[in-house]
Amino acid sequence: MQPVLISWRRWDWLTLLAILLLAAVLRWVAPGVTEFKRDEANLSQLSLDLVQGRDFPLLGITSSVGLPNPPINVYLFAIPYAFDDSPILATLFVGLLNILAVGLTWALARRYYGPYAAVIAGLLYAVSPWAIIYSRKIWAQDLLPPFIVTTVFTGLLGFGEGKRWARWLHWPLLVLAVQIHYGAFTLIPLSLFMLQLWGKRVYWRELAFAAGITLLTLLPVLIGFYRDDWFSRDTIDKALNANPDHEKQFGSEAIDYAWFTVAGTNIHSLAGPDQFRNYLDSVPNVYTLFKVIPLAAVFSALVLLWRFRRKYDLALVAWLALPVLAFLWKWTEVTPHYMIPLMPAAFILCGAGFAALWNNKIVRVGAAMLVIVVAGFQVLLYARLLNFLDDHDTPGGFGTPLHHLLDIRQAVLDSDPQDVIVVSTEELAPYDELPAVWSVLLDPVPNVRFVNGTQTLVIPAANALELIAQGTDSYLTCSVADCQGETFSLRPGSDQSYLLRPVPSAPDNITPIDPAQFANGASLTGYSQNETGIMLEWKLSGPAEADYQAFIHALDAQGQRLDQRDRSAWPGRYWRAGDTLYLWFDFPLPADTTTLFVGMYTTDGVNFNNVRVLNPSPGNDLAVLGAFIVLPD
């Protein structure tokens with residue numbers, strides 16, 4: 001049987017336009033109400049590095065299976081970041097691609113199941129809460145939908161209808177989809193299944209073209225894998241077994257995730273464990289009604305299999321089933337976003353079932369009213385969720401909405417600083433979340449550095465701004481000077497806030513010593529102590545080539561070590577000429593302490609190498625490995 005080829009009437013265009021407008025509103029409204037955490041920031045950073053000529057990424061960020069993603073998603077996000085360094089345009093770009101996916105889903109359903117199926121499929125996809133949620137974030141998997149639908153569509157056109165151009169496009173699109181996110185690997189058996197459905201003839205010229213394009217798209221990731229030794233069996237095994245507690249066994253998670261993803265239920269989980277009940281109390285209790293969508297998709301799939309007439313039907317059912325079957329055996333941690341590839345198939349199946357009932361007027365009217373009611377409630381619950389996430393603190397759920405962070409960003413950029421010190425409990429981008437986030441948001445600032453304010457204080461040589469995250473008002477921040485500045489509160493009810501102020505002057509309780517110059521460019525110039533610990537003052541001469549550990553040994557009058565403390569010094573990449581660095585040690589000194597032995601060293605976990613002192617104290621052989629501070633009586 002040939003596809004349903006009905007002329008494109010004006011009604012078709014109007015319904016398509018209405019569906020696309022609805023999809024656009026739901027995906028583009030309030031783009032600042034989106035999460036922007038470590039993964040989003042690291043992906044954005046790679047794209048910014050590309051468009052600004054700082055680097056050409058050969059690998060993306062690490063995937064959930066422990067291996068790095070190919071860089072295709074980095075290259076795609078470089079498109080919006082080439083026009084604006086704010087994440088808002090990149091977020092809208094994700095929405096645009098997903099609006100396109102809705103249109104492609106409409107077109108696929110229209111071609112193979114008729115205009116009524118197209119309206120149902122397009123409408124359900126446009127209003128699906130999880131489809132919308134997966135359209136509003138800078139995530140690699142959120143880029144998948146248009147590539148998923150296009151890959152399947154070209155397979156049906158090329159293998160099923162014999163369209164040569166579609167076969168030429170299908171294999172490169174398949175490779176691109178899998179590179180965008182590994183979750184699309186279920187398209188590989190689907191493509192092979194479609195090839196088998198419509199015969200085994202091999203089109204060598206087309207395959208050669210596809211192989212050439214595939215090799216070109218794979219070239220960056222192959223080079224990146226080779227450069228970083230990812231082809232090593234030990235490296236791959238280590239990545240794939242990064243979570244030793246994961247039990248590889250059969251489970252129903254994939255079925256559960258597919259079910260609620262298609263239904264649009266469980267969106268209350270974004271409100272977090274403390275707030276989800278408050279969200280549910282604010283909306284009608286209609287989750288049960290939403291279950292009609294996956295029920296209709298499964299029922300339609302069973303009917304198509306039972307009344308098998310066309311090979312297109314088998315391909316559609318396989319499209320729905322393969323993502324679930326692939327994760328019934330939990331060879332890796334199963335997550336809900338692995339079900340993104342099956343959503344278009346589920347909605348097309350719903351449309352196909354509706355079209356099959358069209359000739360029965362009573363059933364047709366009832367089904368249409370049910371679809372309208374479900375779609376209306378899904379829009380309502382999603383809109384309420386968006387407002388709830390913006391107006392409530394949701395610990396353990398949705399992160400701080402991006403627009404709050406952008407308000408802080410704008411305040412910083414309006415000050416036109418050359419140097420910003422971001423103070424939190426973290427200091428390593430891209431591994432720690434806040435440094436990763438602010439390294440992207442403050443990318444236009446020439447010099448942005450990160451300090452763990454609970455144990456480190458930095459006073460730059462030139463004027464600078466200090467952005468302090470709530471929770472780091474420790475001895476080394478607000479106790480050094482009055483914590484006054486411009487305060488930015490985040491969501492109502494949240495205890496999270498930021499303080500923006502000029503970097504304070506140096507502490508006034510430092511006891512100066514004769515500077516001890518170390519070979520890494522740091523000079524020990526003073527200290528202070530109280531009953532709880534010791535703070536060391538260092539002057540820096542410029543960036544260091546390594547990250548160092550700092551140590552203090554407490555010595556008695558005979559030079560015997562009584563106790564010691566080690567801690568990481570501030571990362572060497574952040575050091576700048578003229579900086580004054582203060583390192584705090586929680587170290588109540590033993591009563592018999594008369595002298596401190598202070599220094600820095602590097603280590604690989606096995607070997608320890610002290611940084612040499614360039615002007616050692618005379619008369620002590622150890623002075624070349626550290627500096628001595630004689631405490632007053």
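The values are calculated or read from the model by the stated rules, or taken from the named source; none is laboratory data. Nothing here was measured: the structure is a model prediction, and the numbers come from that model. Note that each Cβ is placed from the backbone with ideal geometry, even for glycine, and that neighbours are counted across all protein chains shown. Surface accessibility is based on the protein's heavy atoms, side chains included, excluding ligands, DNA and RNA. Shrake-Rupley method; radii C 1.70, N 1.55, O 1.52, S 1.80 Å.
Worth a mention:
- Three-way shape label, the stretch 592-633, alpha-carbon gyration tensor, a/c 1.5: oblate
- Between the stretch 517-565 and the stretch 174-222, the C-alpha centres lie 58 angstrom from each other.
- For residue 29, net neighbour charge (Lys/Arg +1, Asp/Glu -1) across residues whose Cβ lies under 12 Å away: +1
- Pair-distance profile P(r), taking every C-alpha pair of the stretch 378-458, with 5 angstrom steps and integer %: 3, 13, 19, 19, 18, 11, 9, 5, 3, 1, 0
- Taking 548, 582 and ordering them by how much accessible surface each has at a 1.4 Å probe, largest first, produces 548, 582.
- Restricting the trypsin sites (Lys or Arg not before Pro) of the stretch 166-216 to loop positions (DSSP other than H, G, I, E, B) with no more than 11 neighbouring Cβ atoms within 10 Å leaves 200, 201.
- Across the protein chains, with a 1.4 Å probe defining accessible surface, the residues 545, 333 rank 545, 333 from largest area downward.
- Carbon and sulfur %, accessible surface of the chain computed with the full protein complex present, 1.4 Å: 59
- Neighbours of residue 128, meaning other residues whose beta-carbon lies under 14 angstrom from its beta-carbon, give a summed charge of +2 when Lys and Arg score +1 and Asp and Glu score -1.
- P(r) for the chain, from all Cα pairs and a bin width of 10 Å, is 3, 14, 21, 21, 16, 11, 7, 4, 2, 0, 0 %, short bins first.
- When the C-alpha to C-alpha distance is required to be over 30 Å, the pairs from 37/539; 37/330; 291/330 that qualify are 37/539.
- Nearby aspartates and glutamates by direct alpha-carbon distance to residue 311 (threshold 19 angstrom, same-chain neighbours under 8 apart not counted): 161
- Per residue accessible area of the stretch 310-369, 1.4 Å probe, in Å²: 37
- Surface accessible to a 1.4 Å probe, residue 309 within the full protein complex, Å²: 150
- Ordering of 85-93, 118-126, 435-443 by packing [mean C-beta count within 10 Å, highest first]: 118-126, 435-443, 85-93
- Annotation: residue 617 carries an accessible surface of approximately 60 Å², with a 1.4 Å probe and no ligand, DNA or RNA atoms counted.
- Assuming charge only on the beta carbon of Lys and Arg (+1) and of Asp and Glu (-1), the dipole of the stretch 503-593 about its Cα centre is about 300 debye to the nearest 20.
- Net charge in the neighbourhood of residue 17 (other residues with Cβ under 14 Å of its Cβ; Lys, Arg +1, Asp, Glu -1) is +2.
- In plain terms, the C-alpha convex hull of the stretch 500-633 casts an average shadow of 9.2 nm² when viewed from every direction.
- Hull shadow area, averaged, the stretch 70-168 [alpha-carbon convex hull, nm²]: 7.2
- Theoretical ellipticity at 222 nm over the chain - DSSP helices of four or more residues, -39500 (n - 2.57) apiece, nearest 500: -14000 deg cm²/dmol
- Here the stretch 1-156 yields Rg over Rh of 1.04, to two decimals, using C-alpha coordinates and the Kirkwood radius.
- The stretch 20-80 pair-distance distribution - Cα-Cα, 5 Å bins, rounded %: 4, 17, 20, 20, 16, 13, 8, 2
- The stretch 333-424: Rg to Rh, with Rh as the Kirkwood radius over Cα pairs: 1.24
- Candidate residues 433, 427: accessible-area rank, largest first, probe 1.4 Å: 433, 427
- Compactness check for the stretch 248-393: Cα Rg over 2.2 N^0.38 Å is 1.17.
- With DNA, RNA and ligands ignored, accessible area of residue 629 (1.4 Å probe; Å², nearest 10): 0
- Altogether, the Stokes-Einstein calculation at 4 °C and 1.567 mPa s, with the Kirkwood radius of the stretch 125-241 over Cα pairs as Rh, returns a diffusion coefficient of 81 µm²/s.
- Take each peptide in 127-140, 268-281, count the other Cβ atoms within 10 Å of every residue, and average; sorted highest first, the result is 127-140, 268-281.
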